[in-house]
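The values are calculated or read from the model by the stated rules, or taken from the named source; none is laboratory data. Please read these numbers as outputs of a predicted model, since none were measured by experiment. We place every Cβ from the backbone using ideal geometry, glycine too, and count neighbours over all the protein chains shown.
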Amino acid sequence: MDIARRSDASSRISLADEPDFMVGSLIVRPSVRQIVAGGKSETLEPKVMQVLVALGRAHGDVVSRDALVALCWGGRAIGEDAINRAIAKLRRSAEAEGSFRIETIPRVGFRLVEAGSAGIAEFPKEPAPAAPMPPRTSRRLFLATAAAATAAAFAGVAIWRRQEGAEPPPAEVIPLMQQAQIALGQDTREGHNQAIGLLQRVVAIAPDYADGWGALGNAYATTASARPLGESDTMRARALSAGRRALALDPGNGFGQVALAMAVPLRGNWLNIERALRHALSQHEDDQQLAFALVTVLTSVGRDREALTLVQRMAGVSPPQPHVYYCYSRLLWAANRLDEADRVLAEAASIYPTHFAIWFVRFYLLMYSGRAGAAIALAQDLGSRPSGIPEAEIASVLRVAQAIQSQSPGAISSVLAEYVALAHQGAGQAENAVLFACAVGRIDEAFALVEAYYFGRGFVVPDVRFSQVQGTYTPQRERLTNFLFVPPAMPLHADPRFERLVAEIGLDNYWREAGISPDYRSPAALRARMEA
């Protein structure tokens with residue numbers, strides 16, 4: 001891909017947000033502006049490092065001068081000497097390390113060439129076509145969709161397990177794979193970046209290791225779903241490249257197949273991703289990564305009961321990671337098994353007392369299950385508050401709990417107005433506003449918020465989830481559907497507008513093509529709505 005095509009503001013290079021990568025044996029660490037080789041490091045100037053990242057992103061393709069200006073100088077008018085100086089400094093570093101060279105294409109631009117190769121090891125160009133896929137799979141199937149961020153967290157059974165008869169991975173990559181699993185399981189931007197850097201190191205050490213490439217592709221795709229569009233496109237391209245490399249090495253590699261499946265957004269492609277994951281699970285039936293990816297798909301299409309069965313089977317062998325606790329407690333809540341959900345969350349809080357996902361699911365479960373007073377007490381306990389969450393956000397959810405507890409019309413109207421305003425500031429805020437409106441019986445406002453969230457009707461919901469500081473995003477094409485099926489959203493299901501909504505989103509097509517009915521349409525759910 002010509003990087004000049006992605007030269008808008010959203011794709012400008014922010015060194016703090018760039019993952020580490022490899023050029024031959026050279027480790028490039030943009031966030032600290034260092035290149036490391038043979039145990040020695042060199043610190044580059046910020047613009048020089050930005051140019052190196054821009055050339056690395058291009059996968060060995062030519063990057064024009066205009067693209068470099070857009071990506072590294074924010075499109076400001078600069079003289080050609082500024083680019084020439086940065087290129088000259090990069091060339092001096094390249095000559096010292098011998099890992100790459102910068103090639104000038106007269107009147108066009110520059111490209112980075114790894115020593116002895118035509119491209120960068122960790123971000124390879126598409127390899128030669130792989131051998132045919134196993135029966136009952138297709139190229140379309142594995143290019144069709146992506147799982148949400150928590151789905152691909154590497155948990156439990158080792159993802160480096162190879163099929164019977166295959167060569168085991170080098171011993172030195174096993175600790176790196178384990179560290180990557182733990183980093184991804186934290187479900188944070190920092191954890192995702194760390195996992196990518198670790199897995200890049202894996203494939204640098206073992207370039208013929210198919211599972212390593214598949215794991216790297218999964219990490220890229222996982223990261224892509226929570227990044228702004230410019231970064232997301234880059235991550236998805238890398239996920240495809242790594243997945244294809246895995247399949248070129250091992251045409252039946254399940255992790256490579258899933259990497260390709262995850263390289264496009266989930267929304268609207270639920271059936272394809274489900275089929276891809278079930279095929280991969282037929283090869284690796286106890287693999288946690290694949291199982292939790294399938295859980296995300298099932299919860300996104302209103303199949304929480306089946307998702308709970310799968311999580312229960314996996315929870316006994318899964319390490320105690322935040323995303324496991326989050327999924328398990330949320331699904332127990334949906335099944336109205338509140339005592340069990342409380343026990344799971346108590347255990348989670350004892351291990352991760354200030355993890356944001358654990359704290360918020362505890363708070364919302366209490367608030368929306370008739371225990372607003374306990375939710376208020378949790379929010380007022382300063383020692384238990386989640387790390388990295390602004391005080392204003394805690395104060396905001398505390399006001400919601402107080403309004404629900406008081407049932408004061410004035411308090412409810414005031415807080416709902418506050419949340420509608422917050423929905424204009426972020427996608428995560430809009431999701432919360434929908435659920436709060438449902439919980440207090442303001443269904444018209446809930447549907448207005450949903451229309452804005454998915455379709456931009458009435459107002460446009462920004463891509464950022466909560467704040468720029470947290471650094472997570474839900475672009476329009478990535479908008480979630482799982483929150484439509486959590487317990488607080490149940491009032492939506494009884495309204496005729498909900499059927500029109502799920503049809504327009506594409507969920508109706510999924511249910512028809514899959515030949516299943518979502519939980520909210522089950523006889524038991526219908527009876528519960530009639531009795532409510």
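I'm checking my understanding of the structure. Among residues of region 356-383 that are within 25 Å of the chain's Cα centre (by Cα) and touching a residue at least 60 places away in the same chain (Cβ under 8 Å), which one is farthest from Pro487 (Cα to Cα)? Once the filter is applied, the top-ranked residue is Ala357. Taken over region 493-527, the residue count meeting the criterion of being in contact (Cβ under 8 Å) with a residue 12 or more places away in the chain, among the small types (Gly, Ala, Ser) and in a helix (DSSP H, G or I) is 2. Restricting region 214-252 to residues that are part of a helix (DSSP H, G or I) and among the acidic types (Asp, Glu) leaves a set whose member that is farthest from Asn193 (Cα to Cα) is Asp233. Out of the residues in region 314-369 that are touching a strand residue (DSSP E or B) at 6+ places or on another chain (Cβ under 7 Å) and surrounded by 17 or more Cβ atoms within 10 Å (Cβ to Cβ), which is farthest from Ser387 (Cα to Cα)? Per the criteria, the residue is Met314. Filtered by the rule that a residue be touching a residue at least 60 places away in the same chain (Cβ under 8 Å) and in a loop (DSSP other than H, G, I, E, B), region 424-444 gives no residues. Please work out if Ala446 is surrounded by 14 or more Cβ atoms within 10 Å (Cβ to Cβ), in contact with a Cys (Cβ under 6 Å, 6 or more places away or on another chain) and not aromatic (Phe, Trp, Tyr). Against the criterion (surrounded by 14 or more Cβ atoms within 10 Å (Cβ to Cβ), in contact with a Cys (Cβ under 6 Å, 6 or more places away or on another chain) and not aromatic (Phe, Trp, Tyr)), Ala446 qualifies.
Only one of these is among the aliphatic types (A, V, I, L, M) and at pLDDT below 75: Leu112, Leu141. Name it. Every option except Leu141 fails the conditions. Ser467 passes every criterion in (1) within 27 Å of Ser517 (Cα to Cα); (2) in contact with a Pro (Cβ under 8 Å, 6 or more places away or on another chain) apart from (1).
Inside region 331-356, residues that are modelled with pLDDT of 90 or more and touching a Ser or Thr at 6+ places or on another chain (Cβ under 8 Å) make up a count of 8. Before we move on, is Ala58 under 27 Å from Ser31 (Cα atoms), among the hydrophobic types (A, V, I, L, M, F, W, C), within 23 Å of the chain's Cα centre (by Cα) and at pLDDT 50 or above? Yes.
Residues in region 384-423 that are small (Gly, Ala, Ser), in contact (Cβ under 8 Å) with a residue 24 or more places away in the chain and out of contact with any Asp or Glu (no Cβ under 8 Å at 6 or more places or on another chain): Ser384, Ser387, Gly388, Ala401, Ala403, Ala423. For region 64-110, the set of residues classified as surrounded by 15 or more Cβ atoms within 10 Å (Cβ to Cβ) and assigned to a strand (DSSP E or B) consists of Ser64, Phe100, Ile102, Gly109, Phe110, listed by residue number.
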